[in-house]
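Input: a single structure, listed below in structure tokens.
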Amino acid sequence: MNAITNAGQTAIVEELAEVIVANKAWLSEIDGKIGDGDHGINMAKGFGRTAERIHGKDMTLDAAMLVLSDVLMSEIGGSMGPLYGLMFEDMAGALKGHNQLDAETFSAMLNAGLAGVQGVGNAQVGDKTLIDTLVPAVTAFDAAKAQGFAPALAAMITAAEQGRDSTIDLVAKIGRASRLGERSRGVLDAGATSCCMILTTLGHSVLRRLA
Amino acid sequence: MAPRAISKAGDGDTVFAMPLRYGDDALLWAAWLYYEEGLTQSDIAEKMGLSRPSVNAYLADARTRGIVNIEIDPDKFRTLSIAQALRDHFGLQDCLVIPTDGGDRPLIARLGAAGAQALTRFVKSGDTLAVTWGRTVLALAEALDHPGLQDVRVIQATGGTTAKIPWTPEACAARMAEALNARSIPISAPAIVSSAVMRSMLMQEPVLAEQLAILAEADRIVMGISSLRPESTIHTSGFLEGGVQHAHYQDAVGSIVGRFIDARGEPVIGPMHERTIGIDLAALRRIPQRIAVAGGVDKVAAILAALRGGHANVLVTDAVTGRGILTAEGYKDAPRRAVPSQAPLPARNHVKKLINAPKDAVDEALKGALLAHERLIMALPDTPRAIVAKDGPRAGKVGIVIGGGAGHEPSFWGYVGRGLADAAAVGNLFASPPPGPILAATQFADRGAGVLYIYGNFSGDVMNFDMAAELAAEEQIAVRSIITTDDIASSPVESRAARRGVAGNVFIFKIAGAAADRMMPLDTCESVVRRANARTYTMGLALEPGSPPETRRPSFDLGPDEIEIGVGVHGELGVVRQKLISADESADLLLDRILAEMHPSEGDQVAVLVNSLGSTPAMELYIILRRVRQRLKARGIGVHSCLVGPYYTSLDMAGVSLSLLHLDPELAALLEAPCRSAALTLP
């Protein structure tokens, strides 16, 4: 198979929420090293509440993503609220009206999400933010999509993990950690880590449905 | 086991006093003789009754154990047993004991060097340092070189003496002031005048009265202790003329600050008493730190008297003298007290908290605050995270909207009320509120004159307040945003705009609330608040991390003896981590950084906020405030008002932040304008 249906995909967002909630403590721990230690708490709150709201409902992927976006935007706040809120809103916008999700649609979704994040934040690759995960993941997906949906997803997952790990050696240039200068080097960025979780979980969820 | 040092009792004048205890003593002494006195290893071997290879091994050991470090760590000399015994027995703040013998320099020069080393560690910026006179004091002044301090004053402890001696009070004070880069203040009168009548007349002279008033403010005094032998300082300075005078002082065993004491340290009042201009013994006792530098067997009785009377609380002396004092006092070598081995405290997995479900903590605390202050604030219906003032908002007044994450209580709801903010949007723990409550707060605060947003510079707050401002603009509400940047630790001065907004917000909220309350238009409010932000400086330090209710674990690690300088209000790491220091050193560290940026002129006015980051108690905050006031006074900066307490916290973090608002007349007037809120009320 090289496509999945858009309808009946509530579970994909529930799976996302499950991973974020399960990693709440770890994300906060990473954040605590150079940030304020609340990343996991806030992410888990937003994704967890979304899961409660969509559970048992039959929704398209974009509709479920919109619920997630609303919760993040209106109830979570912080910087992750707007950043992920707009990312999922724009991803949902790109999927809207599609019955089938293939490599092209998925690529459009990823690029819309990236544009959404870049519209509200102004981080560049190398600034030690979630952009360091998102940009290479989107690029890798696009570069591999000619080989098929599944290989492109696999490439995206690998690139997201590499992107996340690249933040270890970076010095933060934006956000709270930027005030630490050189002291921010040597640890993962919490946003890059949660973004990697989102992309790899999404990738594996789709891969399982393609198989 | 260290071999015993052997006293060479039969050696005539070269009396080598053994340390009372061994341990590291022999090793330290060998190091001193070698590195400080320049003795050869054979000389040391002979003096200490050791073999030359032992001396060599000692010196090597001293190096490898970090005792010798180009200079000998003065802390190590405090651990010498004589010093420890003197300190314990007389309840001294500190005691330094150097070897009596060794090297070419006379004892007085070496005591001076040791005294200078001690003083260097004590003296702080902003100090007023009183100085007596004499050979040892001058030797100390000449050995001193410590120019890096600010606003230090050196003042003579007495009037002047005969110029026949080189170690006059003027010479000692002037030399010491030079070495400390300090201002030297004389006592413009003779130490001894011809009559009591003359003294009372002089004391009424304004110049002298002013100088004596400064003397009364001394934080420390450096003093010699004089014996009463004919060649002693007190004699050569002309204090005791002829045998008739002496008859009045037959009970006296020594002299300090030009006053006489008996063997118990009690004052001996004679005819000179009413003719002496300078500090007396009662005033001396009011000086917090009284450093006596004195040595020599002839001085044992005088030093002992000074210690018994409590006139000195820091002593710098030599081993023979120290041992003599202890012997005269009947001190016996007690068996060394066993130091109880300290078992490390078991590591705790969770910090205890008074919470219900962690996820409800923010909302439940907010509900409690609303009930506690129900006459002042309420939540907007349907928007529980938008807190508004019951009194204050009115037609034509600029609306002030503040906000940020929870965890900083009493911020932000504590600053909502008349004369302060009209509304606050409260987020989740340490996370900016989303645009929804900010917009609701904006709609409430808008009474036709526009709305001013004031919030700390964090990327989440900027995103969410900006989104709310866009939504408000669609509703034709004029919104201006002031992003506060008072935390000087968070970014260098050249990138001020990148700094965080922290406890200094309290001042900025107050200025904004007062400006709006005076019905100033939006443009004026905005510019005055921008000026307040530009003139507010904050720096903090953490002693212990805070712990969020969700994790109940410290949000960062800090070693048992470490502090984090420049820590953020969310537990973000600061600029540097260092060893725990005293309250005064902490206050100095924060204040020095602030003053270096503020560049205040003498006579300028500031407002001071000493803020608890959560669990640091009021007692410690007041200790800090006291030091800050001392320093500001020394700098000639006026203090308009002080706030001391938990005004802008970071959960249960232990630590303090210091904020200064550099006032101008308009800001001062706005700062003292009436206001009424949960956390700040001015009549």
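The values are calculated or read from the model by the stated rules, or taken from the named source; none is laboratory data. Given the structure is predicted, the values throughout are model-derived calculations rather than measurements. As a convention, Cβ positions derive from the backbone with ideal geometry for all residues, glycine included, and neighbour counts pool all protein chains shown. What goes into the accessible areas is simple: the full protein's heavy atoms, side chains included, and nothing from ligands, DNA or RNA. Shrake-Rupley method; radii C 1.70, N 1.55, O 1.52, S 1.80 Å.
Filter the stretch B:37-63 down to the residues that are of a type outside the set (G, A, S), open to solvent by 50 Å² or more (accessible area, probe 1.4 Å) and either outside any helix (DSSP H, G or I) or modelled with pLDDT under 75 (or both) and list them by number. Across the stretch B:37-63, the qualifying residues are B:T40, B:R63. Only one of the numbered conditions (1) of a type in the set (V, I, T); (2) surrounded by fewer than 24 Cβ atoms within 10 Å (Cβ to Cβ); (3) under 19 Å from B:L621 (Cβ atoms) is violated by B:V528, and that is (3).
Counting only helices (runs of 4 or more DSSP H) that fall entirely inside the stretch B:145-242 and contain at least 2 residues that are within 21 Å of B:R121 (Cβ to Cβ), the qualifying elements are B:169-179.
Just one of the listed residues (B:R626, B:R577, B:R593, B:R631) is away from chain A (no Cβ under 14 Å) and touching a Leu at 6+ places or on another chain (Cβ under 8 Å), namely B:R631. Here A:T167 fulfils each of the conditions (1) touching a residue at least 40 places away in the same chain (Cβ under 8 Å); (2) surrounded by 20 or more Cβ atoms within 10 Å (Cβ to Cβ) apart from (1). Restricting attention to the stretch A:26-58, which residues are open to solvent by 70 Å² or more (accessible area, probe 1.4 Å) and in a helix (DSSP H, G or I)? Residues satisfying the conditions are A:W26, A:E29, A:K33, A:R49, A:E52, A:R53.
Six or more apart or on different chains, Cβ atoms under 7 Å: show the pairs whose first residue is in the stretch A:25-42 and more than 7 Å from chain B (Cβ to nearest Cβ) and whose second is basic (K, R). Listed by first residue and then by second, the contacts come to A:G40/A:K24.
Filtered by the rule that a residue be under 17 Å from B:D298 (Cβ atoms) and of a type in the set (S, T, N, Q), the stretch B:249-283 gives a lone residue, B:S255.
Here B:I511 clears all of (1) surrounded by fewer than 24 Cβ atoms within 10 Å (Cβ to Cβ); (2) at pLDDT 95 or above; (3) within 31 Å of the chain's Cα centre (by Cα); (4) not polar (S, T, N, Q) except the condition numbered (1). The set of residues in the stretch B:440-485 being outside any strand (DSSP E or B), within 14 Å of chain A (Cβ to nearest Cβ) and open to solvent by less than 30 Å² (accessible area, probe 1.4 Å) consists of B:A440, B:A441, B:N457, B:F458, B:G460, B:D461, B:M463, B:N464, B:F465, B:A468, B:A469, B:T485. For B:R110, the conditions (1) open to solvent by 10 Å² or more (accessible area, probe 1.4 Å); (2) out of contact with any Ser or Thr (no Cβ under 7 Å at 6 or more places or on another chain); (3) among the basic types (K, R); (4) more than 26 Å from B:V628 (Cβ to Cβ) are fulfilled apart from (1).
From the list B:A587, B:A596, B:A583, the one residue that fits, being at pLDDT 95 or above, of a type in the set (G, A, S) and surrounded by fewer than 18 Cβ atoms within 10 Å (Cβ to Cβ), is B:A583. Of all the listed residues (A:D90, A:D70), the sole one being within 14 Å of chain B (Cβ to nearest Cβ), assigned to a helix (DSSP H, G or I) and open to solvent by 20 Å² or more (accessible area, probe 1.4 Å) is A:D70.
Assessment of the stretch B:540-554 against the conditions (open to solvent by 10 Å² or more (accessible area, probe 1.4 Å), among the β-branched types (V, I, T), more than 30 Å from B:L595 (Cβ to Cβ) and within 11 Å of chain A (Cβ to nearest Cβ)) yields at least one matching residue.
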